[in-house]
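Taking it in order: structure first as structure tokens, then the write-up.
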Amino acid sequence: AKFNGRNTYKFYTESMNVAVMRRMSLENAMRLSLEREDFFVVYQPQFDIKSGQIVGAEALARWHHAELGIISPAEFIPVAEECGLIVTLGQSVLRQACRQMQQWLLQGHYLRVSVNVSCVQFLRHNLLQTVIEILEETGLPPHHLELELTESILVTDPEYVLQVVNTLNQRGVQFSIDDFGTGYSSLSYLKRFAVDKLKIDQSFVRDIPGDADDEVLVEAIVNLAHNLRLKCIAEGVETQVQADFLRQLGCDQIQGYLLGRPLSVDAMQQLLSSQSR
Ligand code: C2E
Ligand code: CA
Ligand code: CA
Ligand code: CA
């Protein structure tokens, strides 16, 4: 038992070191990559559930590092948040997405691009000014931009966030609540914030139809959204039965592997052109 104990301990510290080293090397690599603009954006289409038309595209960050290979945002976003690089990274994604959306508009594709905003980026930086500057710089009409916020952003500093959200919304920028239902439990913020859409988290979508609890939750979120005159979108839709079930409930939009994976700019462009033909 003694031997085992020591062995376990040794293993534990070694794997911790590996994790810490990986984190540090990621942070250093990220600094360099940001300077070299090695981050790029892919776009996942969002569909109107009735017409099947593409109504939006979610901008998702990707990092292709020369030596480390493709690194998932699930890994680099938390590191970027911890070391503050998320501000620069977030601005880069926002700028690329707005520039791209403006080009699609000029080609006659009337959709909306949605961009994820991290807590750190919103609360420790002047998001209002950044968004206004990037909209001006790219010429994108504000109502073609949607910002995805998590519930944690809304509850951390409500007075400040309320002011920023409502000011941008008055100018036309749309807002959605990402991963809705997984965060804070109070719903009172929905009355005060100028939010336009709820995104039903994929953890609720995975087991419908079939899981009675998830069925009830999804239906409740759809009804909540509509009663508050908000739209709702389900994410992580992978199967036709999920899509059919969501349509029956009256969910407005869907996003997921069933209808479209995150796509490169070129692939998204092709999809948009094939749809408008
Ligand atoms: P998210 O905002 O909830 O984005 C949805 C994630 O689900 C994406 O993962 C997307 O590729 C994935 N997904 C889409 N459809 C399906 C499906 O049908 N099935 C399954 N299993 N997954 C699906 P991704 O691109 O790896 O991004 C992971 C997370 O990283 C995002 O979750 C978001 O929280 C964060 N993230 C990505 N890009 C950015 C960014 O530019 N800024 C910030 N702040 N966060 C970002
Ligand atoms: Ca999102
Ligand atoms: Ca989400
Ligand atoms: Ca998520």
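The values are calculated or read from the model by the stated rules, or taken from the named source; none is laboratory data. Worth saying up front: this structure is predicted, and the values here are computed from it rather than measured. Positions of Cβ are generated from backbone atoms using ideal geometry, with glycine treated the same way; all protein chains shown enter the neighbour counts. The protein model used for the area step is the full one, side chains on, heavy atoms only, and it has no ligands, DNA or RNA in it. Shrake-Rupley method; radii C 1.70, N 1.55, O 1.52, S 1.80 Å.
Can you tell which of Gln248, Gln269 is more than 16 Å from ligand 3 (Cβ to nearest atom), part of a helix (DSSP H, G or I) and within 24 Å of Cys98 (Cα to Cα)? Full working, then the answer.
Details: Gln248 fails: within 24 Å of Cys98 (Cα to Cα).
Gln269 is the lone residue from the list that is more than 16 Å from ligand 3 (Cβ to nearest atom), part of a helix (DSSP H, G or I) and within 24 Å of Cys98 (Cα to Cα).
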Exercise for the section: Please indicate, with yes or no, whether at least one residue in the stretch 136-143 is open to solvent by 40 Å² or more (accessible area, probe 1.4 Å), assigned to a helix (DSSP H, G or I) and without any contact (Cβ under 8 Å) to a residue 24 or more places away in the chain. Expected result: yes
Handout entry: Tabulated pairs, the stretch 195-212, first away from ligand 2 (no atom under 15 Å from the Cβ), second in a loop (DSSP other than H, G, I, E, B) and open to solvent by 10 Å² or more (accessible area, probe 1.4 Å), C-beta under 9 angstrom, 6+ apart or interchain
Key = Arg206/Gly236; Arg206/Glu238
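Would you call Ser176 under 22 Å from the mean Cα position of the chain (by Cα), open to solvent by less than 10 Å² (accessible area, probe 1.4 Å), within 20 Å of Ser152 (Cα to Cα) and within 16 Å of ligand 4 (Cβ to nearest atom)?
Numbers: under 22 Å from the mean Cα position of the chain (by Cα): yes; open to solvent by less than 10 Å² (accessible area, probe 1.4 Å): yes; within 20 Å of Ser152 (Cα to Cα): yes; within 16 Å of ligand 4 (Cβ to nearest atom): yes.
Spelling it out, Ser176 is indeed under 22 Å from the mean Cα position of the chain (by Cα), open to solvent by less than 10 Å² (accessible area, probe 1.4 Å), within 20 Å of Ser152 (Cα to Cα) and within 16 Å of ligand 4 (Cβ to nearest atom).
Take the residues in the stretch 144-158 that are over 15 Å from Gln100 (Cα atoms) and not in a helix (DSSP H, G or I); name whichever of them is most open to solvent (accessible area, probe 1.4 Å).
To start, the set of residues in the stretch 144-158 that are over 15 Å from Gln100 (Cα atoms) comprises 147-158.
Filter again for not in a helix (DSSP H, G or I), leaving 147-150, 157.
On the way: Leu147: 2, Glu148: 2, Leu149: 1, Thr150: 42, Asp157: 66 Å².
Looking at the filtered set, the residue picked out is Asp157.
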Exercise for the section: Return only the number of the condition from (1) open to solvent by 10 Å² or more (accessible area, probe 1.4 Å); (2) in contact with a helix residue (DSSP H, G or I) (Cβ under 9 Å, 6 or more places away or on another chain) that Ile70 does not satisfy. Expected result: (2)
Fill in the blank from the handout: Expected single match for within 21 Å of Glu58 (Cα to Cα), open to solvent by less than 60 Å² (accessible area, probe 1.4 Å) and not aliphatic (A, V, I, L, M) among Gln255, Gln270 is Gln255
Exercise for the section: Enumerate the pairs (first residue in the stretch 25-47 and at negative phi and away from ligand 3 (no atom under 16 Å from the Cβ); second residue anywhere and open to solvent by 50 Å² or more (accessible area, probe 1.4 Å) and in a strand (DSSP E or B)) with beta-carbon separation below 6 Å, excluding pairs fewer than 6 apart on the same chain, so at least 6 apart or on different chains. Expected result: Phe40/Arg62
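Collect the residues in the stretch 29-56 that are part of a loop (DSSP other than H, G, I, E, B) and under 16 Å from the mean Cα position of the chain (by Cα), keeping them in residue-number order.
Filtering the stretch 29-56 for residues part of a loop (DSSP other than H, G, I, E, B) gives 37-38, 49-53.
Of everything in the stretch 29-56, nothing turns out to be part of a loop (DSSP other than H, G, I, E, B) and under 16 Å from the mean Cα position of the chain (by Cα).
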Problem - Filtered residues of the stretch 83-127 (kept if open to solvent by 50 Å² or more (accessible area, probe 1.4 Å) and closer than 13 Å to Val173 by Cα) - result: Arg112
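Of the residues Val120, Val115, which is in contact (Cβ under 8 Å) with a residue 24 or more places away in the chain, assigned to a strand (DSSP E or B) and in contact with an Asp or Glu (Cβ under 9 Å, 6 or more places away or on another chain)? Can you show your working first?
On the way: Val120 fails: assigned to a strand (DSSP E or B).
When all the criteria are applied, what remains is Val115.
So, of the residues in the stretch 63-75 that are assigned to a strand (DSSP E or B) and more than 12 Å from Met30 (Cα to Cα), which turns out to be farthest from ligand 2 (Cβ to nearest atom)? Can you show your working first?
Kept after step one, since they are assigned to a strand (DSSP E or B), are these residues of the stretch 63-75: 63-65, 69-71.
Checking which are more than 12 Å from Met30 (Cα to Cα) leaves us with 69-70.
Values: Gly69: 23, Ile70: 19 Å.
Selected residue: Gly69.
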Handout entry: Boolean, Lys231 is under 19 Å from Ile153 (Cα atoms), away from ligand 4 (no atom under 16 Å from the Cβ) and open to solvent by 50 Å² or more (accessible area, probe 1.4 Å)
Key = no
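Here's the yes/no breakdown for (1) over 22 Å from Gly56 (Cα atoms); (2) crowded, with 21+ Cβ neighbours inside 10 Å; (3) away from ligand 1 (no atom under 16 Å from the Cβ); (4) over 20 Å from the mean Cα position of the chain (by Cα):
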residue: Leu162; (1), (2), (3), (4): yes, no, yes, no
residue: Gly172; (1), (2), (3), (4): no, no, yes, no
residue: Gly181; (1), (2), (3), (4): no, no, no, no
residue: Leu198; (1), (2), (3), (4): no, yes, no, no
residue: Ser203; (1), (2), (3), (4): no, no, no, no
residue: Ala225; (1), (2), (3), (4): no, yes, yes, no
residue: Gln242; (1), (2), (3), (4): no, yes, no, yes
